[in-house]
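A quick write-up on the structure given underneath.
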Amino acid sequence: MKKKILVTGGTGYIGSHTVVELQNAGYEVVIVDDLSNSNADVLDGIEKITGIRPVFVELDCNNKEGLNKLFLDNPGIKGIIHFAASKAVGESVQKPLLYYRNNIVTLLNLLELMPVHGVEGIVFSSSCTVYGQPDILPVTEDAPIKPALSPYGNTKQINEEIIRDTIYAGTPFKSIILRYFNPIGAHPSAEIGELPNGVPQNLVPFLTQTAIGIRQELSVFGDDYDTPDGSCIRDYINVVDLAKAHVIAVERMLENKSEEKLEIFNLGTGRGVSVLELINAFEKGTGVKVPYKIVGRREGDIEKVWADPDRANNVLGWTAKESVEDTIVTVWKWQLKLRERGIQ
Ligand code: NAD
Ligand code: WQD
């Protein structure tokens with residue numbers, strides 16, 4: 001058995017896929033999640049895939065005493081992957097304080113407790129949102145950070161700064177910041193996937209819910225952008241590929257494979273795909289039509305962004321393997337599974 005890793009937000013979308021990959025790689029996992037945006041049934045899915053049920057602690061990471069007890073009850077945690085956060089961009093505009101508290105205090109608690117309990121490193125979930133609309137594409141990690149367009153985006157920038165300042169102050173641990181582009185897809189077993197609360201704000205869950213008839217029509221937000229087909233362009237990254245990058249990052253951080261105390265990596269495919277191309281790929285891959293209409297632009301949307309993944313490819317030693325075309329089919333399989341279970 002390899003080292004013990006604490007995964008905050010481990011019953012969530014990206015967290016659950018990462019727990020699977022960590023367990024497959026031999027790591028012992030402790031999940032902490034307050035279930036504010038996930039369900040404990042996810043643990044069954046993880047167990048079905050890996051044969052191992054991870055230790056689960058239901059706790060709000062804002063509760064520092066509770067977290068301290070978690071470390072005492074589960075001695076030997078050597079690394080943390082910090083997924084736990086609120087992530088709805090629109091909601092963050094309505095409820096900024098909720099986002100600042102949940103996304104910042106949780107990180108402060110972990111950083112303060114790490115040296116107390118001998119934790120050697122933390123991997124942090126950041127986002128391409130920190131780049132805003134980059135001046136140069138594909139965007140590298142050295143691109144300037146643009147003023148955030150939402151409190152959510154701002155929390156990611158502040159989190160990155162907190163980690164940087166803490167590391168440079170000479171604290172006895174390391175960190176890897178991972179900037180995800182647009183994670184999509186589900187585990188190929190369809191035992192775990194994304195389970196959005198209420199009406200999805202993101203493209204892919206809205207698309208699959210429309211395809212299955214839960215939503216009447218998908219709105220495509222704008223076809224008058226400066227892109228080949230006029231719709232926005234993103235770098236859609238398969239969630240299992242993304243999860244695997246976390247395992248590599250943990251190993252790099254904890255096995256001293258790098259001299260650096262802080263590293264930042266883009267996690268993307270390097271390929272930009274438009275909204276209309278994605279709908280087309282879904283229809284082609286599944287044979288299911290998606291009713292959609294073109295509507296006006298969504299406020300705050302970035303026109304086009306995709307990653308330069310060179311540093312992740314060459315330094316981290318990770319490359320996205322799955323194509324958008326294959327990934328979009330896994331989401332459909334997951335949507336069908338949800339219907340089978342009577343969930344959505
Ligand atoms: P998610 O909502 O599915 O998972 C987050 C999990 O954290 C949920 O299970 C939720 O219950 C839990 N959580 C929230 N606040 C908590 C708290 N105070 N204490 C304990 N648990 C708490 O989201 P996700 O898509 O898996 O995202 C994971 C991380 O990746 C987040 O930090 C998010 O900001 C970041 N990220 C996500 C995307 C994306 O498009 N999904 C893109 C870039 C970055
Ligand atoms: C993708 C594209 C929309 C819905 C958000 C956050 C970002 C990151 C990922 C965490 C855009 C278009 C969408 C719809 C549409 N999260 N769209 N119809 O906006 O790239 O990123 O999630 O860090 O911070 O901002 O993702 O899935 O919402 O949109 O046409 O019903 O799909 O305009 O071009 P986005 P998204």
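The values are calculated or read from the model by the stated rules, or taken from the named source; none is laboratory data. These numbers come from a predicted model, not from an experiment. Cβ: placed from backbone, ideal geometry, glycine included. Neighbour counts: every protein chain shown.
Data table
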item: Top-ranked residue in region 44-93 [being among the basic types (Lys, Arg) and over 21 Å from Ala245 (Cα atoms); ranked as farthest from ligand 1 (Cβ to nearest atom)]; result: Lys48
item: Filter pass, Ile176 being within 13 Å of ligand 2 (Cβ to nearest atom) and in a strand (DSSP E or B); result: no
item: Hey, Thr50 surrounded by fewer than 20 Cβ atoms within 10 Å (Cβ to Cβ) and of a type in the set (Ser, Thr, Tyr) or not; result: yes
item: Cross-chain or 6+ apart pairs with Cβ under 9 Å, region 224-248 first and on the phi > 0 side of the Ramachandran plot, then among the polar types (S, T, N, Q); result: Gly230/Ser274
item: Inter-residue pairs, beta-carbon under 6 Å, first under 14 Å from Ile237 (Cα atoms) and assigned to a loop (DSSP other than H, G, I, E, B) and in region 185-205, second of a type outside the set (A, V, I, L, M, F, W, C) and more than 12 Å from ligand 1 (Cβ to nearest atom), 6+ apart; result: Gly185/Asn238; Gly185/Thr327; Gly185/Thr330; Ala186/Thr330
item: Meets criteria (over 22 Å from the mean Cα position of the chain (by Cα) and among the small types (Gly, Ala, Ser)) for Gly287; result: yes
item: Number of positions in region 247-271 that are assigned to a loop (DSSP other than H, G, I, E, B), β-branched (Val, Ile, Thr) and touching a helix residue (DSSP H, G or I) at 6+ places or on another chain (Cβ under 6 Å); result: 0
item: Segments classed as strands (runs of 3 or more DSSP E), wholly inside region 1-73, with at least 3 members that are out of contact with any Gly (no Cβ under 6 Å at 6 or more places or on another chain) and among the aliphatic types (A, V, I, L, M); result: 28-33
item: Test: residue in region 189-206 that is hydroxyl-bearing (Ser, Thr, Tyr), within 16 Å of ligand 1 (Cβ to nearest atom) and within 20 Å of the chain's Cα centre (by Cα); result: no
item: Matching option when the condition is hydrophobic (A, V, I, L, M, F, W, C) and more than 12 Å from ligand 2 (Cβ to nearest atom), among Val89, Val130, Val57, Val93; result: Val57
item: Qualifying residue in region 215-228 (condition: within 14 Å of ligand 1 (Cβ to nearest atom) and within 17 Å of Ala281 (Cβ to Cβ)); result: no
item: Test: residue in region 197-214 that is more than 9 Å from ligand 2 (Cβ to nearest atom), of a type outside the set (A, V, I, L, M, F, W, C) and modelled with pLDDT under 95; result: yes
item: Qualifying residue in region 106-122 (condition: within 16 Å of ligand 2 (Cβ to nearest atom), surrounded by 17 or more Cβ atoms within 10 Å (Cβ to Cβ) and more than 20 Å from Thr11 (Cα to Cα)); result: no
